[in-house]
Amino acid sequence: MVRQVLLGSTFVALCAGVTGCGGGSGRGGALVGEAPQQPAPSTPAPPQEPPPPEPQPPDPNPPEPHPPGPTEPPVDDAALRASLRQAGVGPVILRPAEPAALITLGEALFFDKILSGPRTISCATCHHPQVGTGDALPLSLGQGASGLGAARRASRPEQVIARNSPPLFHVGAADMDVLFWDGRVSRDPRTGALTTPEPALNGPTPARPDLAAPLTSALAAQAMFPVTSPEEMRGRPGEDPTNELADAPDNVAVWARLMARLVGTHDGTVGGVEEYRRLFRAAYPDVPTYDALTFGHAARALAAYQAATFNFFDAPLDRYLAGDDGALSPAAKRGGALFAGAGQCTVCHTGPLLTDRQLHSIAAPQLGPGVGGERDDRGGALSTGDRRLDYHFMTPSLRNVELTAPFTHAGAYATLTDVVEHYRDPTGALLGYDPERHLPPEFRHLYARDPTLDQARLASLPPPLRHGLPLEPSQVRELVEFMLALTDPRARTPVRVPASVPSGLPVAD
Ligand code: HEC
Ligand code: HEC
């Protein structure tokens, strides 16, 4: 069913059902830039006249004559709920709870810099509870940089990470089977087979089952990798003589050396940290010896902590969908109708987390070193080898998005309004990107305009975005208002940061 509502001065078809709306990026007929002024031929409903303007009381001092402003019709709650449900928006299903001892171990590991080669950076440095489980920076700053959140500063160019640190607010959802901006870690929910950058973990019969068997989720598999990245946590050879991870010959050796740091070698009799031995034993009572523990066990604990902790899925939108008409403001409702209708956001931002967990291109501006030092980031094409996925990135979850700026894979936009403005005119936004306007001063030099690459980025846009979205300024605000209704109020209060960690390394910076 398609209903016509008066938006600004044009008719835009709003979808209350699935037909004719969104439907998939391959559907050329659904071009937003060419939003039908008339109902589609298949639509039975005849075009309606705009409602007559409200009768106005006579004004003794009439203002300058100008056309009567459109009155916003109230949003039909039943139709809006139906269209959001049609897009799969609804309650989030969580993964089954893990034992408390596993979560306790995971919390210690998450905040402990012992997991980094030079012992200077923890997971929390880039995913801090105080800054929306990210780092409040356009691009993360890895080992060697100093400070926390927006105050973190690099001292050398190679400390700048290629991508924006995604929030962890959504990672506890049961269907988070694909992770990273380019989807390079995934787990087949039916077979449990992993796809990761490390071949030894992959497939139905991994070469290293001792490492892979504990990885019971994509989230656990993901936690294997920050420690292997020289920029993020591992460090480079020659920088720090006490860093025995830097010159490890491969990932498997990095993981073994980390376990030697945590629980020691020779079954816990040489090296290691006593408190970690205790925490691992409590978390894995069935693993017979310390030597039988692998970094896979640490990664599973990191996943258990994240999944149990960063669960903030009770937003005004959830209360609205459950039947509370007053949970959303009228503006947020109009934004919701745009989101699931003419705005075509639910082509990609579908399901309980408002993401299809697929790779798409929106031609977001690029900054920073890029992947492989190329000052470019071809996203999905790099992780899959498929050039059709050039400049395609993972659709991000929009839950609690209000708290997770900057936005997009390279952190090019500081506000939700800027992101929606990008959708209004991706070509203009990309070619006219102004680092002075969008980036904090320390990051501006990391933007380098490249017209050739920008054309390639634009060529990767799917049909619904090629011409931009015909949104009035008031509608931009309404879309933002809708996204603000995705914030669980509890997400505003940072989760507990432990006062100390088993290694004794500092936690507060
Ligand atoms: C130097 C900053 C930094 C550190 C340290 C770091 N991360 Fe990240 N994290 C990032 C960035 C940047 C990305 C995105 C990288 C990409 O997609 O290519 C990311 C991605 C992730 C993701 C994927 C989220 C998603 O939606 O796909 C998870 C989960 C995660 N990190 C958890 C961790 C854990 C656990 C640790 C510690 C073992 C950790 N991170 C350490 C910066 C960091
Ligand atoms: C074709 C699929 C697609 C459509 C349509 C789409 N998005 Fe997105 N969205 C994405 C992808 C992919 C990204 C990340 C792109 C990147 O980082 O390069 C993204 C990023 C975002 C972000 C930034 C979130 C973050 O954490 O960085 C917001 C906000 C957003 N979209 C809102 C919207 C709204 C509102 C609409 C409708 C007006 C919309 N999107 C339409 C796929 C889409």
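The values are calculated or read from the model by the stated rules, or taken from the named source; none is laboratory data. As the structure is a computational prediction, the values presented were derived from the model and not from experiment. Note: ideal-geometry Cβ built from the backbone for every residue, glycine included; neighbour counts use all protein chains shown.
The sole residue among A200, A207, A173, A220 that is within 28 Å of the chain's Cα centre (by Cα), more than 14 Å from ligand 1 (Cβ to nearest atom), farther than 20 Å from Q143 by Cβ and of a type in the set (A, V, I, L, M, F, W, C) is A200.
Only one residue in G192, G172 is surrounded by fewer than 20 Cβ atoms within 10 Å (Cβ to Cβ) and away from ligand 2 (no atom under 16 Å from the Cβ), so which one is that? G192 is the lone residue from the list that is surrounded by fewer than 20 Cβ atoms within 10 Å (Cβ to Cβ) and away from ligand 2 (no atom under 16 Å from the Cβ). Just wondering, is there one or more residues in the range 411-431 that are near ligand 2 (Cβ under 10 Å from one of its atoms), touching a His at 6+ places or on another chain (Cβ under 7 Å), in the same structural domain as A342 (by TED's automatic domain parsing) and aliphatic (A, V, I, L, M)? The answer is yes, given that some residue of the range 411-431 is near ligand 2 (Cβ under 10 Å from one of its atoms), touching a His at 6+ places or on another chain (Cβ under 7 Å), in the same structural domain as A342 (by TED's automatic domain parsing) and aliphatic (A, V, I, L, M).
Being of a type in the set (G, A, S) and either within 8 Å of ligand 2 (Cβ to nearest atom) or in a loop (DSSP other than H, G, I, E, B) (or both) is a description that applies to S397. Can you work out which of the residues in the range 126-152 that are touching a strand residue (DSSP E or B) at 6+ places or on another chain (Cβ under 9 Å) and assigned to a strand (DSSP E or B) is farthest from ligand 2 (Cβ to nearest atom)? Looking at the filtered set, the residue picked out is S146.
The combined condition, being over 20 Å from the mean Cα position of the chain (by Cα) and crowded, with 22+ Cβ neighbours inside 10 Å, is fulfilled by A429. From S165, S155, grab the single residue that is in a loop (DSSP other than H, G, I, E, B), in contact with a Gly (Cβ under 9 Å, 6 or more places away or on another chain), among the hydroxyl-bearing types (S, T, Y) and within 13 Å of ligand 1 (Cβ to nearest atom). When all the criteria are applied, what remains is S165. Within the range 262-271, the presence of at least one residue that is more than 25 Å from P197 (Cα to Cα), surrounded by fewer than 24 Cβ atoms within 10 Å (Cβ to Cβ) and either polar (S, T, N, Q) or within 16 Å of ligand 2 (Cβ to nearest atom) (or both) is confirmed.
Of the residues making up the range 178-200, those that are in contact (Cβ under 8 Å) with a residue 24 or more places away in the chain and under 16 Å from A299 (Cβ atoms) number 12. Contact annotation: residue pairs with Cβ atoms under 7 Å, 6 or more positions apart or on different chains, pairing a residue in the range 450-466 that is among the hydroxyl-bearing types (S, T, Y) with a partner that is within 14 Å of ligand 2 (Cβ to nearest atom), are S460/S361; S460/A363; S460/D390; S460/Y391; S460/H392. Being in a loop (DSSP other than H, G, I, E, B) and over 22 Å from F393 (Cα atoms) is the filter here; which residues of the range 185-201 pass it? Selection gives R190, T191, G192, A193. Among the residues of this structure, E107 counts as one that is charged (D, E, K, R), buried (at least 21 other Cβ atoms within 10 Å of the Cβ) and more than 16 Å from ligand 2 (Cβ to nearest atom).
Evaluation of Q306 against the conditions (1) modelled with pLDDT of 95 or more; (2) polar (S, T, N, Q); (3) outside any helix (DSSP H, G or I) shows that the sole unmet condition is (3). Going through (1) in a helix (DSSP H, G or I); (2) more than 16 Å from ligand 1 (Cβ to nearest atom) one by one, R449 falls short only on (1).
Of all the listed residues (R156, R95, R184), the sole one being touching a strand residue (DSSP E or B) at 6+ places or on another chain (Cβ under 9 Å) and either hydroxyl-bearing (S, T, Y) or within 16 Å of ligand 2 (Cβ to nearest atom) (or both) is R184. Select from the range 159-195 the residues that are β-branched (V, I, T) and closer than 21 Å to P206 by Cα and list them in ascending order. Passing the criteria: V178, V185, T191, T195.
The residues listed here are A363, A301; of these, the one that is under 22 Å from the mean Cα position of the chain (by Cα) and within 15 Å of ligand 1 (Cβ to nearest atom) is A301.
Condition check ((1) in contact with an Asp or Glu (Cβ under 6 Å, 6 or more places away or on another chain); (2) part of a loop (DSSP other than H, G, I, E, B); (3) surrounded by 14 or more Cβ atoms within 10 Å (Cβ to Cβ)) across all residues:
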site	(1), (2), (3)
L461	no, yes, yes
L465	no, no, yes
T487	yes, yes, yes
V497	no, yes, yes
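Do we find that D418 is assigned to a helix (DSSP H, G or I), touching a helix residue (DSSP H, G or I) at 6+ places or on another chain (Cβ under 8 Å) and either at pLDDT 95 or above or closer than 26 Å to V131 by Cα (or both) in this structure? So D418 passes the test. Among the residues of the range 339-351, at least one is surrounded by fewer than 20 Cβ atoms within 10 Å (Cβ to Cβ), within 16 Å of ligand 1 (Cβ to nearest atom) and in contact (Cβ under 8 Å) with a residue 12 or more places away in the chain. Candidates are the residues of the range 352-377 that are in contact with a Lys or Arg (Cβ under 8 Å, 6 or more places away or on another chain) and within 15 Å of R184 (Cβ to Cβ); the one that is surrounded by the most Cβ atoms within 10 Å (Cβ to Cβ) is D377.
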